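Structure record follows, encoded as structure tokens.
Throughout, read-outs are computed from the coordinates displayed, never taken from laboratory work. Owing to the predicted nature of the structure, the values given are computational and were not obtained by experimental measurement.
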Amino acid sequence: MLMMKRKKRKKRKKRKKKMLTRKRKKGKKRKRKKGKKRKRRSEKKKKMKKRKKKKRKKKRKKKRKKKRKKKKRKKKKKRKERKKKKKRRKKKMMNMKKRRKRKKRKKKKKRRKKRKKKRRKKKMLMKKRKKRKKKEKKRKRGRKGRRRGGGRRRC
């Protein structure tokens, strides 16, 4: 039993020594040999560090909010009035923007309508021209035939 206890004590001493040697100065990075298990461990540690940082940030934010709330209680009326004024201004600005947009849209629609009308007119004119040309061709053909003594025969 005594031998077992001594062995255990020796092991504890060795562990303590290792812990002391493991401590390192900031800025210095220890090089590790590449290995699958060790890589996984390092990835896990990184994830844990990120989680810890996030938690810390959240706690700090909460504390700041509490302090701000105390200040708000003193100047509540003035702030409310300011907020109302800001809201009114925002509404006015938004309305102005909307009006401008509507005007622009209306202008665009008018332009489009005008363009469409012009295009339609052009198309109609082109169709009429084509029809005229066709009729003229037919007439010319008929005339030529008549002169020769032929042409279209009606039953």
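With respect to the cross-link table entries Lys113/Lys133; Lys78/Lys103; Lys107/Lys133; Lys103/Lys130, which display a Cα-Cα separation exceeding 32 Å? Pairs exceeding the cut-off: Lys78/Lys103; Lys107/Lys133; Lys103/Lys130. Residue by residue, segment 109-126 carries 3J(HN,Hα) couplings of 4, 4, 4, 4, 4, 4, 4, 4, 4, 4, 4, 4, 4, 4, 4, 4, 4, 5 Hz when phi is fed to the Karplus relation 6.51 cos²θ - 1.76 cosθ + 1.60 (θ = phi - 60°); x denotes Gly or Pro. Subtracting the Cα-Cα distance of Lys85 and Arg105 from 0.36 nm times their residue separation leaves 4.2 nm of extension gain.
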